[in-house]
Amino acid sequence: MTFVISTDEVDRHGGVIQAQGWQLDGYLNNPVFLWAHDYSRPVIGRASEVWHESHRLIARMKFASAGFAQEVA
């Protein structure tokens, strides 16, 4: 599945992070996806690819085969 993981839109705190501004080197060393940013739940998958498009940061994600990840999928 492909997801928009960030945009150049104003966030709920009134800030903007430009999609091209993301530094992804650290993330790409272990590109896991969490459910709703919840560290108490198991990882639900991994990003197999991450790229920038017009004002967006996009990721293609492969879901884990574990129960909760498949329930989310």
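The values are calculated or read from the model by the stated rules, or taken from the named source; none is laboratory data. Every value quoted in this text rests on a predicted model; they were computed, and no experiment measured them. Every residue, glycine among them, receives a Cβ derived from its backbone with ideal geometry; neighbour counts consider all protein chains shown. Accessible surface is based on the protein model in full, side chains and every heavy atom, while ligands, DNA and RNA are left aside. Shrake-Rupley method; radii C 1.70, N 1.55, O 1.52, S 1.80 Å.
With respect to SER48, is the statement that it is small (Gly, Ala, Ser) and at pLDDT 95 or above true? Taking the combined requirement at face value, the residue satisfies it. Note on the range 1-31: among residues that are closer than 11 Å to HIS52 by Cα, among the hydrophobic types (A, V, I, L, M, F, W, C) and not in a loop (DSSP other than H, G, I, E, B), the one that is modelled with the lowest pLDDT is ALA19. Of all the residues in the range 33-48, those that are touching a strand residue (DSSP E or B) at 6+ places or on another chain (Cβ under 8 Å), over 14 Å from GLU71 (Cα atoms) and open to solvent by less than 80 Å² (accessible area, probe 1.4 Å) number 2.
Consider the range 19-32 and keep the residues that are open to solvent by 100 Å² or more (accessible area, probe 1.4 Å) and without any contact (Cβ under 8 Å) to a residue 12 or more places away in the chain. The one that is nearest to GLN70 (Cα to Cα) is ASN29.
For the range 49-65, filtered to residues that are in contact with a strand residue (DSSP E or B) (Cβ under 8 Å, 6 or more places away or on another chain) and outside any strand (DSSP E or B), the residue that is surrounded by the fewest Cβ atoms within 10 Å (Cβ to Cβ) is HIS55.
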